[in-house]
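Working notes, structure below.
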Amino acid sequence: MKTLLKKTWVLSITSILLILLTPASHAQITEFEDDYDDYAYETEQNSISDPLVKYNQFMFKVNHKIYKHLFTPLSKGYDFLIPKKVQSSVNNFFTNVGTPQRFGNNLLQLKWKYALTEFSRFVINSTIGIGGFFDPAQAAFHLEKHDEDLGQTLGHYGAGPGPYIVWPIIGPSTLRDTIGVIGDNAFDPTFWFGVLDTFEEDEILFAVSMVERVNKYSYTIRDNYDRIINNAFDPYTSLQHAYIENRKKKIEE
Amino acid sequence: MKNKLLASLCFCLFLSSTVHAQETAGRIIVHTIEQSLELLKDPKLQSDDKLILRREKLWELLEPIFNFEEIAKRALGHHWRDCSPAEKKEFTEVFTNILKDVYLGRSDSYSGEQIIYLNEETEETRSKVYTNFITTDGKKIDIIFSMKKFADIWQIYDVIIEGVSTVGNYRTQFNSIINKESFTALMQQLKDKNFKNQEVQ
């Protein structure tokens, strides 16, 4: 386990260096210079780098089958058992547990005010919000969550997305965001519970992470995924574009 | 008497013209959304057999605030220039129907979602209207309406949902299909989709 961790870190640090040395493929644009005037001259190659396209397309199809035939039926069963209001509470709980990641990345981006907001949210929601199942910080104190992850932090400091990668089950990502996810594990309490063998029973940890995944899929991912895919003429391209643009927006925020 | 009538008529005309001139991009969006939500909440239009009527009425409200020719042009990108006038016309018609079905299809399942106007940024003939869409379970979705003044009327040429441009998303797909296959193949796919949509209705 230790050697694996060590290897992962060496790999991520090397990749971080590599990616930081690669300039961002898109320059900062002002509000009105979006693509209004230049769309007509855009070449067929958009700015998304996809050297693994053959593998990615294959994995996209595999994931689609897994989503359709395994995750969607599972999450429909979950919807039947667990009302959306409860799903929202479960979502709040895991969002609260994920505070260290957002707090840390806000700090890394020198967003002091947002980091403080994240800290306050954690204190309020863990106490008044009964262990994070409710979000009084937002409802009563109007403290908005500031979603940040390491992929966004790298983007904030000018790292481009790098090649597009479709991971099994997880789905769309890029080299930058993959490194981000690996690094973010350092902020994830459940990851450390696993590494440090805090829990005697691995099954508990597995069950907790399954609940998190199924809830997330039912509560947020399924509808978004279906909406994109059902309206698409070229689903692979549509999902890729949506992923890249959505990440761009999150980095700019 | 006649003069009075004329004066009040002039006054009315003046009033309406100033109101029209003050109609900002944001106000058009807010006004249209308010009217649309009223329609969707109308108890007389709730039953399943009223669904088609409700769609028609909603389309009467929505159609004028979109510029579908501009949307079609931007969705095709540089391929637009290679099209003949007849192809352009046909593509615009077919693509408008696709979008119509996407938007109206979403309205069928309306269950109390809200749209909140945040602010707008306007530069002469272009404007961005920032809004939040609040789902019934409290999720917040950022939606930006990109608008342009076409013959003195503000119309939408793109809707950006959570940073993803609708037109841009279609453009990457259409580009990919045209490059791999052809414009004719794309037209066929669009027509097939329209046909399927009509069958569902």
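The values are calculated or read from the model by the stated rules, or taken from the named source; none is laboratory data. Quick caveat: nothing in here was measured; it's all calculated off a predicted structure. Heads up, the Cβs are rebuilt from the backbone with ideal geometry, glycines too, and the neighbour counts pull from every protein chain shown. Side chains included, ligands, DNA and RNA excluded: accessible areas come from the protein's heavy atoms. Shrake-Rupley method; radii C 1.70, N 1.55, O 1.52, S 1.80 Å.
Just one of the listed residues (A:Phe141, A:Phe122, A:Phe134) is under 27 Å from A:Lys85 (Cβ atoms) and in a helix (DSSP H, G or I), and it is A:Phe122. Residues of segment B:152-176 that are over 19 Å from A:Ser47 (Cβ atoms), within 11 Å of chain A (Cβ to nearest Cβ) and open to solvent by less than 20 Å² (accessible area, probe 1.4 Å): B:Tyr157 alone.
Pairing residues of segment A:78-89 that are in contact (Cβ under 8 Å) with a residue 12 or more places away in the chain with residues that are open to solvent by 40 Å² or more (accessible area, probe 1.4 Å) and of a type in the set (S, T, N, Q), at Cβ distances under 9 Å and at least 6 apart in sequence or on separate chains, gives A:Lys84/B:Thr136. Between a first residue in segment A:229-246 that is more than 13 Å from B:Asn175 (Cα to Cα) and a second residue that is among the β-branched types (Val, Ile, Thr) and buried (at least 19 other Cβ atoms within 10 Å of the Cβ), which pairs have beta carbons less than 7 Å apart while being 6 or more apart in sequence or on different chains? Matching pairs, first to second residue: A:Ala242/B:Val164; A:Glu245/B:Val164; A:Asn246/B:Val164. Just name the residue that is nearest to B:Ala25 (Cα to Cα) out of those in segment B:37-78 that are at pLDDT 90 or above and not in a helix (DSSP H, G or I). Ranking the qualifying residues of segment B:37-78, first place goes to B:Phe66.
Being open to solvent by 20 Å² or more (accessible area, probe 1.4 Å), more than 10 Å from every other protein chain (Cβ to nearest Cβ), part of a strand (DSSP E or B) and of a type in the set (D, E, K, R) is a property that holds for B:Lys149.
Flag: B:Glu199 matches the condition of being in a helix (DSSP H, G or I) and either within 9 Å of chain A (Cβ to nearest Cβ) or among the charged types (D, E, K, R) (or both).
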